[in-house]
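Enquirer: For reference, the structure I am asking about is given below.
Nothing in this text is a laboratory measurement; each read-out follows from the coordinates by a stated rule. In this text the structure is predicted, and so the values were computed from the model without any measurement. Ideal geometry is used to build each Cβ from the backbone, glycine not excepted, and the neighbour counts take in all protein chains shown.
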Amino acid sequence: MEKFILKYFTLIRTLIAILVGVIISIVLIYLISKTPAYSLKQFLLGPILSKSRLANVFENASPIIFCGVAIAIAFQAKQFNVGAEGALFLSAAIGTAFAVSTHMPALPHVILILVVAGLTGAAWGWIPGVLKAKWGASELVSSLMMNYVAYFLGLYLINSHFRDKSAGFLVSLPLPKTAWLPQIIPGTRIHVGIILAVIFALLGYYFLYHTTTGYEIRTTGNNDKFARFGGINVVKVVILSQVISGMIAGFGGMTEVMGIHHRFNWQNSPGYGWDGVIVAIIGRNHPILIIFAALFLSYLRVGSQVLNLMADVPSELVAVIQAIIIILITAEAFLSQWKYKITMKQASLEEAGNESIA
Amino acid sequence: MSPLLKSIFSTGFGFAILRVMTPILLPALGVAISELAGSVNIALEGIMLMSAFFGVIVSTFTGSIWLSLLAGITAGVATGGILAYFHLKLKADIILAAIALNMFASGFTIFMLYLFTGDKGSTSSLKSLVFPEIQIPILKSIPVLGPIFSGHNIMTYIALLAVPFFYVLVFKTPLGLRIRAVGQNPNAAESVGINVNRIKVYALLLSGLFGAFGGLYLSMGYVSWFSRDMTAGRGFIAIAASTLGGNMPMGMFWSSLLFGFVNSFAIYIASLDIPSELIQMIPYLITIIALALFAMRKQMKKKRVDEAHELYSEDVISSVVKDISAADE
């Protein structure tokens with residue numbers, strides 16, 4: 001048992017953090033709600049009690065998976081590039097602009113739009129990457145700034161050049177039907193995007209753990225001096241990790257427009273990039289775990305919306321819980337005392353075993 | 001004169017710049033003080049929200065402006081303290097911990113707002129007292145200068161006074177010296193007996209203090225209520241302002257003024273049907289360029305020092321290094 005705990009310590013620690021978060025939320029619901037049992041049921045079971053809500057969980061998870069994988073690839077190289085939000089926003093805007101101004105059959109159209117969006121995102125990741133790799137400028141600050149630039153640039157493009165003036169609010173022209181991503185489950189809005197998201201997560205996993213470049217990214221992230229001495233081109237790795245990150249975020253933004261809204265309708269930044277940071281932390285930068293983390297986060301979100309709608313507890317409960325979960329996961333000293341004790345106990349046991357053999 | 005130019009050369013516009021600058025300059029000083037101690041603090045967004053919220057809550061329930069001030073400051077400093085605790089004691093990465101804190105502050109304040117007002121709508125807000133506006137005796141009667149510089153909320157003057165305060169704190173006090181020592185070389189600081197972690201804690205608490213004033217200004221000066229996510233990214237803009245200002249007091253004053261100018265300008269031209277997005281983008285672009293230039297300069301300096309190390313023996317190095325830094329000054 002204790003050996004098991006040591007082997008899977010980080011995973012167990014993550015699960016405990018999640019558990020603490022869920023327990024705190026249950027306590028909060030009991031403190032606030034006048035009908036706690038009913039509220040709790042809405043929160044925990046709400047998403048699976050109706051088909052449309054369950055579908056919501058998967059719809060919402062799709063862009064979060066994209067952004068989570070995007071952030072994870074940069075984080076694995078220890079690049080704190082939080083520019084997924086900006087890459088997603090601008091890629092969706094430029095992709096939309098391209099989609100409404102071109103006409104071609106469905107399949108090539110969809111592919112070309114995704115290529116445009118992906119390239120936009122890649123370019124957006126390239127800038128902080130180069131600034132960091134060549135001159136050591138903080139990618140955190142530059143990517144934060146790039147988020148704002150992307151936001152204003154995207155809004156300018158849509159509101160000034162591709163705005164649908166017949167619509168009563170600020171949205172882009174509708175995407176032609178050829179640019180829509182098909183739905184896969186009738187009666188819901190679940191579209192091909194979720195399959196693409198999972199495919200990209202799997203590709204991301206293969207890339208990080210089964211290719212040379214992936215190995216170089218992880219080595220650079222673990223110790224860039226060691227990587228340099230080991231002959232890894234750290235400059236290339238730092239740039240590449242952020243380019244790939246931006247590209248995947250770009251796909252995420254565009255699939256959301258092509259699959260759900262069918263036009264660009266964001267006047268505020270949608271926040272998927274920050275959700276990506278959350279799931280990357282919960283999933284410990286592992287693309288496959290990120291799929292589950294995104295589904296978990298999405299489930300919590302939908303549950304909280306049900307809670308907000310049906311009971312007397314605001315949905316921001318989730319923001320509080322996810323913050324607690326994240327801070328516990330990132331706090332490396334959290335439970336380290338426990339691990340230390342088990343390790344010591346194991347060691348003394350082994351020692352005793354060795355002596356008895358001797 | 002066109003209406004645009006007329007409004008820009010009005011005193012009202014000058015007044016607006018200082019007004020918009022205040023909630024950027026204060027958190028920018030907060031970002032800078034922790035940056036100088038070597039910790040990147042991106043939690044100013046959360047710090048400001050917490051202060052803005054607790055100031056308003058206390059003002060609603062006690063009706064006392066002094067208690068509100070105290071509550072806001074406590075909330076901001078405490079949030080800085082929580083960040084310090086998780087980062088230095090529990091060894092969390094400071095960036096990720098700050099992201100979590102921002103998220104927490106946003107969720108927590110909306111959550112509490114709902115409990116106090118019972119309103120789930122996005123427009124829910126809580127009314128509040130405001131800090132007084134100050135008419136400066138002689139200045140107010142001077143034409144042009146008077147309408148621009150007099151009659152501001154007291155927090156605007158606190159922000160302006162915070163600049164020399166920051167200078168004195170960082171460059172003229174033992175604490176400031178320690179903060180800079182820890183930021184520049186923690187190992188060297190430790191070797192002369194400075195408790196590195198304690199200094200970093202002080203810097204993060206100070207960071208919370210500056211942020212607290214910024215947050216209080218937002219809810220109890222800029223407007224007179226608390227509404228959800230009312231910081232609207234100013235905590236991040238503050239990072240841009242402190243970067244652009246090179247973490248130096250006057251530099252940050254000018255960069256915050258630039259952000260104040262651009263944002264006021266964007267508000268003014270929004271009514272004239274000119275796309276304001278491109279104008280609003282400019283300060284961020286300038287920040288990225290400045291960031292790149294700073295980094296480039298730093299690296300070139302380092303390269304020259306490294307070359308000096310290769311070329312000369314140990315005893316001449318120090319004099320060469322001295323020459324180079326003298327030339328850079």
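Enquirer: For A:Ile48 and A:Tyr206, compute 0.36 nm times the residue count separating them, minus their Cα-Cα distance, and round to one decimal in nm.
Expert: Net length gain for the segment: 53.7 nm.
Enquirer: Please sort by residue number the chymotrypsin sites (Phe, Trp or Tyr not before Pro) in segment A:109-201 whose DSSP state is loop and whose Cβ has at most 10 other Cβ atoms within 10 Å.
Expert: Hits after loop and neighbour filter: A:Phe169.
Enquirer: Rounding to the nearest 20 debye, state how big the charge dipole of chain B is about its Cα centre with +1 on each Lys and Arg Cβ and -1 on each Asp and Glu Cβ. Could the numbers behind the result be given before it?
Expert: Numbers: 21 positive and 17 negative charges, 106 e Å.
Using Cβ point charges on Lys, Arg, Asp and Glu, chain B gives about 500 debye.
Enquirer: Would you please state which residues of segment B:80-122 a label at B:Trp225 would reach in this model, taking the label point 7 Å out along Cα→Cβ and a backbone N cut-off of under 16 Å?
Expert: Taking a point 7 Å out along Cα→Cβ of B:Trp225, the residues of segment B:80-122 whose backbone N falls under 16 Å are B:110, B:113-122.
Enquirer: Residues of segment B:81-99 with amide nitrogen under 17 Å from the 7 Å Cα-to-Cβ point of A:Tyr340?
Expert: Counting only backbone N, you get B:86-92.
Enquirer: Please average, across the residues of B:292-303, the number of beta carbons from any other chain that are within 10 Å of each residue's own beta carbon, and give a whole number.
Expert: Other-chain Cβ atoms within 10 Å of each residue's Cβ, averaged: 3.
Enquirer: Please list the helices of chain B that count as membrane-span-like by this rule: a mean Kyte-Doolittle hydropathy of at least 0.0 together with Cα atoms stretching 27 Å or more along the helix axis, each helix being a complete DSSP H run.
Expert: B:11-36, B:65-84, B:94-117, B:196-217, B:249-270, B:277-311
Enquirer: Listed highest first by mean packing, meaning other Cβ atoms within 10 Å per residue, what order do B:21-30, A:30-39, A:270-279, A:189-198 come in?
Expert: So the peptides B:21-30, A:30-39, A:270-279, A:189-198, ranked by packing, come out B:21-30, A:270-279, A:189-198, A:30-39.
Enquirer: Tell me, what is the percent relative contact order of chain A, built from C-alpha pairs under 8 Å that lie six or more residues apart?
Expert: RCO, chain A: 34 percent.
Enquirer: According to the square roots a ≥ b ≥ c of the eigenvalues of the Cα gyration tensor, what is the shape class of segment B:3-274, taking rounded for a/c under 1.5, prolate for a/b larger than b/c otherwise, and oblate for the remainder?
Expert: It is oblate, given that a/c is not under 1.5 and a/b is not larger than b/c.
Enquirer: If I model a spin label as a point 7 Å beyond the Cα along the Cα-Cβ vector, how far apart are those points for A:Ala167 and A:Arg284 in nm?
Expert: Output for this residue pair reads 4.2 nm.
Enquirer: When a/c reaches 1.5 or more, the comparison of a/b and b/c decides; with that in mind, is chain A rounded, prolate or oblate per its Cα gyration tensor?
Expert: oblate
Enquirer: Order of B:192-205, B:36-49, A:332-345 by packing, highest average Cβ count within 10 Å first?
Expert: B:36-49, B:192-205, A:332-345
Enquirer: A further question follows. Can you compute the FRET efficiency between B:Tyr157 and A:Ile199 using 1/(1 + (r/R0)^6), with r the Cβ-Cβ distance and R0 = 51 Å? Round to the nearest 0.05.
Expert: With a Förster radius of 51 Å, E is 0.30.
Enquirer: Name the lysines eligible as straight-distance cross-link partners of A:Lys345: C-alpha to C-alpha under 20 Å, and not fewer than 8 places from it in the same chain.
Expert: List returned: A:Lys3, A:Lys7.
Enquirer: Is the shape of the protein assembly as shown rounded, prolate or oblate, going by the alpha carbon gyration tensor and its root eigenvalues a ≥ b ≥ c, with a/c under 1.5 for rounded and a/b larger than b/c for prolate?
Expert: The shape class here is rounded.
Enquirer: Give the separation of the Cα centroids, segment B:228-298 to segment B:51-81, in Å.
Expert: Distance between centres, Cα-based: 28 Å.
Enquirer: Next up: In percent, what relative contact order does chain B have, based on Cα pairs under 8 Å that are 6 or more apart in sequence?
Expert: Details: 506 pairs, mean separation 102.2, N = 329.
Once normalised by length, the contact order is 31 percent.
Enquirer: Separation between the A:Tyr215 and A:Val27 pseudo-spin-labels, each 7 Å from Cα along Cα→Cβ, expressed in nm?
Expert: Taking the two extended label points, one gets 4.7 nm.
Enquirer: With n ≥ 4 as the cut-off for DSSP H runs, can you work out [θ] at 222 nm for chain B, using -39500 (n - 2.57) per run divided by the number of residues, rounded to the nearest 500?
Expert: On the way: 14 runs with 241 residues, N = 329.
Using -39500 (n - 2.57) per qualifying helix, the result is -24500 deg cm²/dmol.
Enquirer: Oh, and also: Starting from the Cα-Cα distance between A:Ala347 and A:Tyr8, subtract it from 0.36 nm times their residue separation and give me the gain in nm to one decimal. Walk me through the numbers before you get to the answer.
Expert: Values: separation 339, 0.36 × 339 = 122.04 nm, distance 1.74 nm.
Net length gain for the segment: 120.3 nm.
Enquirer: On to the next question. Could you work out how far apart the two model spin labels at B:Thr117 and A:Thr188 are, taking each label as a point 7 Å from the Cα in the direction of the beta carbon, and quote it in nm?
Expert: Going from the B:Thr117 label point to the A:Thr188 one covers 3.6 nm.
Enquirer: Under 17 Å between alpha carbons, and skipping anything fewer than 8 positions from A:Lys51 in its own chain: which lysines qualify?
Expert: A:Lys41
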